[in-house]
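Accompanying notes for the structure given below.
The values are calculated or read from the model by the stated rules, or taken from the named source; none is laboratory data. Remember, predicted model here, so these are calculated numbers, not experimental data. Cβ placement follows ideal geometry from the backbone for every residue including glycine, while neighbour counts extend to all protein chains displayed.
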Amino acid sequence: MPRSMLLGLALGLVPALFTAACAADPAAEAALKPAQQPFTTTEVARFDEPWAMAFLPDGSLLVTEKAGKLVHFDPASGKRAEITGVPQVAYGGQGGFGDVALHPHFADNGLVYYSYAEEGEGDTRGAAVARAKLQLDADGGGKLVDAQVIWRQTPKVSGNGHYGHRLLFGADGKLWISSSERQKFDPAQDMKANLGKIIRLNDDGSVPADNPFAAQGSPADQVWSLGHRNILGMAFDAQGRLWADEMGPKGGDELNLIQRGGNYGYPLVSNGDHYDGRPIPDHDTRPEFVAPKVSWTPVISPSSLVIYDGALFPQWRGSAFIGGLSSQSLVRVAFDGDDAREAERFDMGQRIRAVAQGPDGALWLLEDGSKARLLKLTPRP
Ligand SMILES: [Ca+2]
């Protein structure tokens with residue numbers, strides 16, 4: 001192909017991509033501004049590149065910071081202190097300290113679970129999940145003791161993206177881990193890798209005998225569902241159903257209802273397409289793969305996910321809330337049986353990294369990046 005033709009193609013392509021990226025997004029345009037929002041947003045504290053938060057029984061918070069800190073913060077007193085004994089993390093890109101979750105019997109056993117990116121051999125990295133006993137001291141600080149790595153992504157690969165590593169305990173005491181595909185595509189369909197999967201483990205990291213691929217040996221025996229791209233949010237609803245949000249490629253962000261043994265099709269199908277322009281067939285072309293319940297194009301870039309059951313916002317009991325990174329929003333999803341739809345979007349003016357429900361039913365958000373705010377959302381008086 002002559003050079004001038006290549007140039008012409010490139011010139012023709014750039015405006016097309018630009019137009020696509022800037023195309024009107026009615027949902028974004030309809031996002032409710034602060035004055036229209038039914039909640040008051042209060043800044044409670046600031047953190048440096050926070051990734052996740054977990055409430056302790058006394059109403060204080062554990063907050064992970066991506067560069068490798070675990071902070072204990074008490075919103076009541078404003079006191080903050082560092083927890084020592086955290087692992088060395090592979091900080092960079094999307095990697096670093098990840099999630100933190102309490103064991104369902106934390107009040108009795110003091111066990112916390114946390115995920116992080118770790119270095120491998122050569123230029124490789126992967127997510128790891130560990131558990132340890134949290135020992136708080138009188139000053140609000142403390143340490144992690146008896147730390148034990150209970151799970152690792154395999155194989156470790158190059159790059160700094162798509163670790164996933166969201167942690168969630170179910171009512172049955174099982175530990176759920178989102179293991180994203182590390183931007184390597186095909187491992188999401190490869191049962192010799194645990195990348196691009198949702199993982200289900202016992203609380204000590206062993207594999208439950210009733211997992212769908214238990215007979216296939218490791219690591220397939222860890223897998224609950226496959227064909228996932230980058231899952232940053234997981235939550236159970238009141239009926240015990242597992243929902244997960246998933247970052248699509250160029251277009252096609254998803255909210256999925258997770259089925260035992262389900263294949264969600266990535267990278268063979270997606271309602272988005274590859275960033276380099278190569279198309280990916282849409283979900284409706286391959287009904288054997290589980291299709292998303294909600295699909296977003298333009299994308300919202302979903303981060304964490306909660307399903308609200310608190311007292312402060314009774315009108316939202318049963319709704320899901322998703323933090324939006326590129327959309328700088330909080331997205332409310334309403335359910336109708338097995339169906340789901342975006343019901344409302346709130347313009348938060350910043351990338352939202354984490355969403356949690358506090359003990360009193362307030363919604364708590366962590367912004368993304370340096371000097372990120374911890375926000376408390378309470379009903380507008
Ligand atoms: Ca597609």
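All conditions but one from (1) in contact (Cβ under 8 Å) with a residue 12 or more places away in the chain; (2) under 19 Å from residue 376 (Cβ atoms); (3) over 14 Å from the mean Cα position of the chain (by Cα) apply to residue 345; the one that does not is (2). Residue 131 falls short of the stated requirement of being over 17 Å from residue 70 (Cα atoms), among the basic types (Lys, Arg) and crowded, with 17+ Cβ neighbours inside 10 Å.
Restricting segment 23-37 to residues that are touching a strand residue (DSSP E or B) at 6+ places or on another chain (Cβ under 6 Å) and over 25 Å from residue 234 (Cβ atoms), the residue that is surrounded by the most Cβ atoms within 10 Å (Cβ to Cβ) is 37. Identify, please: which residue in segment 38-73 is in a strand (DSSP E or B) and out of contact with any Leu (no Cβ under 9 Å at 6 or more places or on another chain) and is, among those, surrounded by the fewest Cβ atoms within 10 Å (Cβ to Cβ)? Per the criteria, the residue is 69. Residues that are more than 16 Å from the ligand (Cβ to nearest atom) and of a type in the set (Gly, Ala, Ser) within segment 226-238 comprise 233, 235, 238, listed in sequence order.
Table: residues versus (1) touching a helix residue (DSSP H, G or I) at 6+ places or on another chain (Cβ under 6 Å); (2) touching a residue at least 60 places away in the same chain (Cβ under 8 Å); (3) more than 13 Å from residue 163 (Cα to Cα).
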{"site": "184", "(1), (2), (3)": "no, no, no"}
{"site": "193", "(1), (2), (3)": "yes, no, yes"}
{"site": "208", "(1), (2), (3)": "no, no, yes"}
{"site": "221", "(1), (2), (3)": "yes, no, yes"}
{"site": "232", "(1), (2), (3)": "no, yes, no"}
{"site": "248", "(1), (2), (3)": "no, no, yes"}
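Listed by first and then second residue, the pairs linking a residue in segment 280-298 that is under 21 Å from residue 335 (Cβ atoms) and aromatic (Phe, Trp, Tyr) to a residue that is modelled with pLDDT of 95 or more and within 15 Å of the ligand (Cβ to nearest atom), with Cβ atoms under 9 Å apart and 6 or more places separating them unless they lie on different chains, are 296/248; 296/251; 296/252; 296/253; 296/254; 296/271.
Within segment 318-334, residues that are crowded, with 24+ Cβ neighbours inside 10 Å reach partners that are among the charged types (D, E, K, R) and assigned to a strand (DSSP E or B) with beta carbons closer than 7 Å, at six or more positions or on different chains, in the pairs 321/332; 322/245; 323/353; 329/345; 329/347; 331/342; 331/345.
Cβ-Cβ distances below 8 Å connect the following pairs, each with a first residue in segment 71-98 that is on the phi > 0 side of the Ramachandran plot and touching a residue at least 60 places away in the same chain (Cβ under 8 Å), a second residue that is in a strand (DSSP E or B) and of a type outside the set (A, V, I, L, M), and a separation of six or more residues or different chains: 85/143. Out of the residues in segment 239-261 that are within 19 Å of the chain's Cα centre (by Cα), in a loop (DSSP other than H, G, I, E, B) and more than 17 Å from residue 296 (Cα to Cα), state the one that is farthest from the ligand (Cβ to nearest atom). Step by step, filter segment 239-261, then rank; the result is 240. Here residue 235 fits the description: crowded, with 21+ Cβ neighbours inside 10 Å, touching a Phe, Trp or Tyr at 6+ places or on another chain (Cβ under 6 Å) and not in a loop (DSSP other than H, G, I, E, B). Candidates 270, 178, 218: the one that is away from the ligand (no atom under 16 Å from the Cβ), surrounded by 24 or more Cβ atoms within 10 Å (Cβ to Cβ) and of a type in the set (Gly, Ala, Ser) is 178. When the residues of segment 123-147 are filtered to those that are among the β-branched types (Val, Ile, Thr) and in a strand (DSSP E or B), the one that is farthest from the chain's Cα centre (by Cα) is 145.
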